[in-house]
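Asker: There's a structure below that I have some questions on.
The values are calculated or read from the model by the stated rules, or taken from the named source; none is laboratory data. Since this is a predicted model, take the numbers as computed values, not measurements. Every residue, glycine among them, receives a Cβ derived from its backbone with ideal geometry; neighbour counts consider all protein chains shown. When the accessible area is computed, the model is the full protein with side chains, heavy atoms only, and any ligands, DNA or RNA have been set aside. Shrake-Rupley method; radii C 1.70, N 1.55, O 1.52, S 1.80 Å.
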Amino acid sequence: ARSLIPYLADTVPGWFQAVLTLYNAEGVEVAYDDDYRFDPDPVLIYTVPQNGDYTLSVRDSIYRGREDFVYRISIGETPFIEQIFPLGGTINSELDVSLSGANLPVKKMKMRTGDDASGVQQVRVANDGVFSNARDFGISSLPSSLEREPNNLFTQAQAVTNSTVIDGRIASPGDQDWFSFKGNKGDDANVEVSARRLGSPLDAKLVLLDAQRKELAASDDAEDKSYGLLTHHADSRINFKLPETGTYFVRLTDLQGKGGPEYAYRLRIGEEQPDFQLRIVPSSLRVPRNGTAIATVHAIRTGGFAGEINLSVLNAPEGIELQRATIPAGVDSARIVIAAGSRAQEQMTALDIEGAANLGWQTSRHRAVPAEDMMQAFIYRHLVTSQQLLVQITEPAEATVALDLPRDGVFRARPGSKIILNSTVKWLSRPRKGVRLTLAEPPEWLALKTSSLTARGGEIMFEVSPNAEPGDKATVLLNGTVRIEKLPEDPDYNPIEKFKNSQAIDFTIDAISVEIIN
């Protein structure tokens, strides 16, 4: 249920919370599940004790009902992976992965990793042509090794080299895993757990200690915005500048004292490398031929990276191009323009957009992953990833508005000032009365003072509040509305239901970027 519609804006907890109950032929409840570990979608695995009729019921946990509480159920002797180990591997390598679960054809498989160090691959198997669920498999550029027992005490800490990944398990309730590494004074030590993000139920807690067992830093939950489906970010991360040269110790536990074979983790110890990930919203767009559409690209920066990111379309279809395709240094999101020229064909196409940035010693390139900006339970927002960025090239728009923008696309203004830009309106057929203007979600310090344009265009004025502060930045969407009135001589004019001859058409004009200066 939740995997179909991840978030609902106007309900708590923000999705349809499905519950499964299984009854035998006598109507006796024999199995029940309201979620699978931390996943709100329930899974029932039941060994049938005797032949007979069984009944499965599905309902909401508190008996709600709505039209968007939709679900799909699969029933049968289908393969289901409950756990894998290890949870990941090094880029461009081959390793054995152990599987456990129900109706699996194998208990071990070969996994070949790709070359994207920030990526996640998926593990799944098929049994008699029926595919199992998919489990995430993490990829890292660092060398990886396995946890070695016993390492349950400070004195048994497993010595590891700096800049490495350890694959291990909190194998039983109350288990502690200890590790030690050598560091130099002033080093920026980074210790991070990947577990919940890779499907493990572990609620990790990290503690960093010195050789005298003094606690230097601790971490419980660390948010990772690239995982839009997680509402409890249960993985831990410690960033700490080492005070002295010497040996340091890391203790990893489950915060709730739980454990078992499924409580696997990947522990990375070492300096975090500067890098980034990209999400592009929305995941589907309509672009009129000879027109444009606006998309927002979010940069998820890691390791202190704050540089400029340049965007481009890979293998762009004819007539498709990006405009103002740069995320400036120190900025976490930017609005870009996807333009379709006169030679663009009216069709549905999938675009691949890539971002490139100079990290100092190399150029890092990452795909902009399509996503939807979804609201959960009236307040929380999540970037939920999609498989493709789909662009529908449509027939030319009835009206287009060309703006006279600065060369770099950014208006720089002082508090209390006005911004004036010129515009020109072009019509597909005959000129209309004009264009009504609106501004989408402007900041408190910016107001649109021009409500409409004439049929030819004109000046558009924005007013900057005196309360704006130097350094304030915003990129807002300027939208237009035109009203099409059909004439009696038009072939589709309706002489009886004349109200149908009037139609309002909304469209996005452009993204307006403003920066407040002294």
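Asker: Can you say whether ASP404 is among the acidic types (Asp, Glu), at pLDDT below 90 and closer than 26 Å to ASN518 by Cβ, as far as the supplied structure shows? Reasoning before the result, please.
Answerer: Working: among the acidic types (Asp, Glu): yes; at pLDDT below 90: no; closer than 26 Å to ASN518 by Cβ: yes.
Answer is no for this residue.
Asker: Just the residues that are in contact (Cβ under 8 Å) with a residue 60 or more places away in the chain and not in a strand (DSSP E or B), please, taken from segment 419-462.
Answerer: TRP445
Asker: From GLY168, GLY174, GLY186, grab the single residue that is touching a Leu at 6+ places or on another chain (Cβ under 7 Å), on the phi > 0 side of the Ramachandran plot and either part of a loop (DSSP other than H, G, I, E, B) or open to solvent by less than 60 Å² (accessible area, probe 1.4 Å) (or both).
Answerer: Values: GLY168 fails: on the phi > 0 side of the Ramachandran plot; GLY174 fails: touching a Leu at 6+ places or on another chain (Cβ under 7 Å).
Exactly one of GLY168, GLY174, GLY186 is touching a Leu at 6+ places or on another chain (Cβ under 7 Å), on the phi > 0 side of the Ramachandran plot and either part of a loop (DSSP other than H, G, I, E, B) or open to solvent by less than 60 Å² (accessible area, probe 1.4 Å) (or both), namely GLY186.
Asker: Return the residue satisfying two criteria in turn: it lies in segment 490-518 and is aromatic (Phe, Trp, Tyr) and either free of Cβ contacts under 8 Å to residues at least 60 places away in the same chain or closer than 30 Å to PRO466 by Cβ (or both), and of such residues it is most open to solvent (accessible area, probe 1.4 Å). Let's see the steps before the verdict.
Answerer: Just the residues of segment 490-518 that are aromatic (Phe, Trp, Tyr), to begin with: 493, 499, 507.
Next, only the ones that are either free of Cβ contacts under 8 Å to residues at least 60 places away in the same chain or closer than 30 Å to PRO466 by Cβ (or both) stay: 493, 499.
On the way: TYR493: 56, PHE499: 146 Å².
Per the criteria, the residue is PHE499.
Asker: So which residues in segment 193-216 are open to solvent by 20 Å² or more (accessible area, probe 1.4 Å), assigned to a strand (DSSP E or B) and either closer than 30 Å to PHE80 by Cα or in contact (Cβ under 8 Å) with a residue 12 or more places away in the chain (or both), if there are any at all?
Answerer: Answer for segment 193-216, where residues must be open to solvent by 20 Å² or more (accessible area, probe 1.4 Å), assigned to a strand (DSSP E or B) and either closer than 30 Å to PHE80 by Cα or in contact (Cβ under 8 Å) with a residue 12 or more places away in the chain (or both): SER194, LYS205, LEU216.
Asker: List the strands (runs of 3 or more DSSP E) that sit entirely inside segment 244-307 and contain at least 2 residues that are of a type in the set (Val, Ile, Thr) and open to solvent by 30 Å² or more (accessible area, probe 1.4 Å).
Answerer: Working: elements: 246-254, 264-269, 275-281, 284-288, 291-302.
Once the strands (runs of 3 or more DSSP E) in segment 244-307 are filtered for at least 2 residues that are of a type in the set (Val, Ile, Thr) and open to solvent by 30 Å² or more (accessible area, probe 1.4 Å), what remains is 291-302.
Asker: Count, please, the residues in segment 89-104 that happen to be of a type outside the set (Asp, Glu) and under 27 Å from ASP128 (Cβ atoms).
Answerer: Narrowing segment 89-104 to residues of a type outside the set (Asp, Glu): 89-93, 95, 97-104.
When the remaining residues are screened for being under 27 Å from ASP128 (Cβ atoms), the result is 95, 97-104.
Going through segment 89-104 one residue at a time, the tally reaches 9.
Asker: Another question about this same structure. Considering each of PHE305, PHE276, PHE249 in turn, give the residue that is over 13 Å from ALA195 (Cα atoms), in contact with a Pro (Cβ under 8 Å, 6 or more places away or on another chain) and of a type in the set (Phe, Trp, Tyr). Break it down into steps so the answer makes sense when it comes.
Answerer: Details: PHE276 fails: in contact with a Pro (Cβ under 8 Å, 6 or more places away or on another chain); PHE249 fails: in contact with a Pro (Cβ under 8 Å, 6 or more places away or on another chain).
That would be PHE305, the only listed residue that is over 13 Å from ALA195 (Cα atoms), in contact with a Pro (Cβ under 8 Å, 6 or more places away or on another chain) and of a type in the set (Phe, Trp, Tyr).
Asker: Kindly indicate which of TYR36, TYR54, TYR46 is free of Cβ contacts under 8 Å to residues at least 60 places away in the same chain and more than 23 Å from PRO201 (Cα to Cα). First the steps, then the outcome.
Answerer: Values: TYR36 fails: more than 23 Å from PRO201 (Cα to Cα); TYR46 fails: more than 23 Å from PRO201 (Cα to Cα).
Going through TYR36, TYR54, TYR46 in turn, the sole match is TYR54.
Asker: While we're here: State yes or no: is TYR263 free of Cβ contacts under 8 Å to residues at least 40 places away in the same chain, under 30 Å from GLY14 (Cα atoms) and among the aromatic types (Phe, Trp, Tyr)?
Answerer: When the stated conditions are applied, TYR263 does not pass them.
Asker: Further, regarding this structure: Go through segment 354-367 residue by residue and tally those that are crowded, with 16+ Cβ neighbours inside 10 Å and modelled with pLDDT under 95.
Answerer: Going residue by residue through segment 354-367, those that are crowded, with 16+ Cβ neighbours inside 10 Å are 355, 357, 364, 366-367.
Filter again for modelled with pLDDT under 95, leaving 364, 366-367.
Qualifying residue count for the region: 3.
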